[in-house]
Amino acid sequence: MQMDDRKIKILETVIRNYLETGEPVGSRTISKYTDLNLSSATIRNEMADLEEMGYITQPHTSAGRIPSDLGYRFYVDNMMKEKTKEVEELKVDLLEKQDRMDQILKQAARVLADQTNYTSLISAPAVHRNKLKFIQLSRVDAGQILAVIVIDGNVIRNRILQVDADMDDETLLKLNLLLNTHLNGLSIGEINLGMIAAMKEKAGVHSQIVSDVIDAVADAIKQDEDLEIYTSGTNNIFRYPELADGKNASEIITALEEKQELTELVQSTLQSENNTGIQVYIGNESPLSTMKDCSVVTATYELGDGMRGTIGVVGPKRMDYEKVVSTLQTLKKEMDKLYRKE
């Protein structure tokens, strides 16, 4: 059997009605909401074909049909048209004058949850495949120097290094030249043992400083790669009976609060080759084991200089995909523009 126009129209009607009501959809309902002018018997036959093809299922004898994961996937891939109308309220809320990025991200998560009536998540921007841009050593006092480390995205990290003796300006200048000549433009993975040994030999009695700076660079990059994830609308889970079951709700809320699985989701999204579009995970497609009864929709936003983050929505499989995708696209565009406006 093939998916002809009539089957597609019936499947679309089943999905749209189930998205609205959460109730199984029968042939009589289909006849009311389509312009196919088909008898109930014909519609029942077509629905039987769709069930045999795996696009809809019948939860109970004599009940109507509900979409299967395959049906949702067909809907997402073939029926959903992206809306171009921007949500002005979202833009206003997102671009309010706020000094701190975390405040903006928290606000964006709240707006996203309010706009969709689902649970939202947004990760702080992170610089991936970090490379060192600059190192500056300066004297603090007789026994300490300050290492200022600048990595991609103009992220700055400071580290106080202990030294055995006071260092004059000429020695600090030579060390700065040595470190920057060898390390600028490299990621931590590109700094090999041979390179470190050569620098330590040239540093002479100050070889320990080279080791300390390498450690500081590694820590700076690792620190920047630790993800901060904000969530909002967790209680929206209880709006949907299929998710409000005690065990399901508990597992989902725990995952949202502890954020271990969310971190894996964000990292997977950011590492994806297609990380500038919308990703839709339905049911068992979800990379999160606790959310197999959910749909998860994610998008990647860009802030320039290699800085990227993930925005996403978690809800029931009968979520309003068109609204979610539209809202994510609008938010993604605003986040993309945010870096240039700040």
Is it true that Tyr33 is hydroxyl-bearing (Ser, Thr, Tyr), at negative phi, outside the structural domain of Lys323 (by TED's automatic domain parsing) and in contact (Cβ under 8 Å) with a residue 40 or more places away in the chain?
no
I'm trying to understand the selection: among the residues of the stretch 1-30, which are of a type in the set (Asp, Glu) and either more than 24 Å from Val324 (Cβ to Cβ) or without any contact (Cβ under 8 Å) to a residue 24 or more places away in the chain (or both)?
Asp4, Asp5, Glu20
Which pairs have Cβ atoms under 9 Å, sit 6 or more apart or on different chains, and link a residue in the stretch 319-342 that is in a helix (DSSP H, G or I) and modelled with pLDDT under 90 to one that is among the hydroxyl-bearing types (Ser, Thr, Tyr) and surrounded by 22 or more Cβ atoms within 10 Å (Cβ to Cβ)?
Leu331/Tyr301; Lys332/Thr300; Lys332/Tyr301; Lys333/Tyr301; Glu334/Tyr301; Met335/Tyr301; Asp336/Tyr301; Leu338/Tyr301
Can you pull out the residues in the stretch 56-97 that are in a loop (DSSP other than H, G, I, E, B) and at pLDDT 85 or above?
Gln58, Gly64, Ser68
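The values are calculated or read from the model by the stated rules, or taken from the named source; none is laboratory data. Computed from a predicted model, the values in this text were never measured in an experiment. Virtual Cβ from ideal backbone geometry, glycine too; neighbours counted across all protein chains shown.
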